[in-house]
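Novice: Pasting a structure below so you can have a look.
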Amino acid sequence: MSNQTSMMQSDMLQRMTVMREQAQTGTQVAVNLSHPPTGNFQVAMQQAVRRVDNQQHHAHQLTADVDAGRSDDLVGAMVASQKASISFSALTQVRNKLLAAYDDVLKMPL
């Protein structure tokens, strides 16, 4: 066990040394053109908003079905509601980060 641990440690140290050298010398980032982007940012955001909206409608429908007695899947309705809530919170955080980045760009001196 000790021999295996020492080999793992030496491997880790070797990788860390390589990373340090790359960080000090600066490295070029290779662009992967085998999968070019298929859409733009606006399309991606529209799709994200639609997915969140669909999750909220689905959760509302499941909750309404439980309330009306058409379904007894209360757990499923609650899980769907929580998923929709988390998705909405994540989308709101992304929006806030984007607005903050936009403000930072606007405040940059020319």
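Novice: Rounded to the nearest 500, what is the 222 nm mean residue ellipticity of the chain from helices alone, with -39500 (n - 2.57) per DSSP H run of 4+ residues and division by all residues?
Specialist: Details: 3 runs with 86 residues, N = 110.
The per-residue figure over the chain is -28000 deg cm²/dmol.
Novice: Where does the charge balance sit around T63 when Lys and Arg score +1, Asp and Glu -1, over other residues with C-beta under 12 Å from its C-beta? Mind dumping the intermediate values first?
Specialist: Working: positive: R70; negative: D65, D67, D73.
So the surrounding residues net to -2.
Novice: Compute the acute angle (0 to 90°) between the alpha-carbon long axis of helix 2-25 and the principal axis of greatest extent of the alpha-carbon atoms of the chain; round to the nearest 10°.
Specialist: Long axis of 2-25 versus the principal axis of the chain: about 90 degrees.
Novice: Still on this model: Can you tell me the relative contact order of the chain? Whole percent, Cα pairs under 8 Å, sequence separation 6 or more.
Specialist: On the way: 32 pairs, mean separation 21.6, N = 110.
Over the chain, the number comes to 20 percent.
Novice: May I ask which residue of I86, N3, L98 lies farthest towards the positive end of the charge dipole of segment 2-107, with charges of +1 (Lys, Arg) and -1 (Asp, Glu) on Cβ and the Cα centre as origin?
Specialist: L98
Novice: Quick one: angle between helix 74-107 and the longest Cα principal axis of the chain, in degrees between 0 and 90, rounded to 10, please.
Specialist: Between the helix axis and the principal axis of the chain, the angle is about 50 degrees.
Novice: So for the chain, what percent of the C-alpha to C-alpha distances run longer than 18 Å? Walk me through the numbers before you get to the answer.
Specialist: Working: 4468 of 5995 pairs.
Counting every Cα pair in the chain, those more than 18 Å apart make up 75 percent.
Novice: So if we plug the beta-carbon distance of S89 and A64 into 1/(1 + (r/R0)^6) with R0 = 22 Å, what FRET efficiency do we get, rounded to 0.05? Mind showing how you got there, number by number?
Specialist: On the way: r = 22 Å, r/R0 = 1.01.
It comes to 0.50.
Each value in this text was obtained by applying a stated rule to the coordinates, not by laboratory testing. Small disclaimer: the values here were computed from a predicted structure and weren't measured. Using ideal geometry, Cβ is built from the backbone for each residue, glycine included, and neighbour counts are taken over all protein chains shown.
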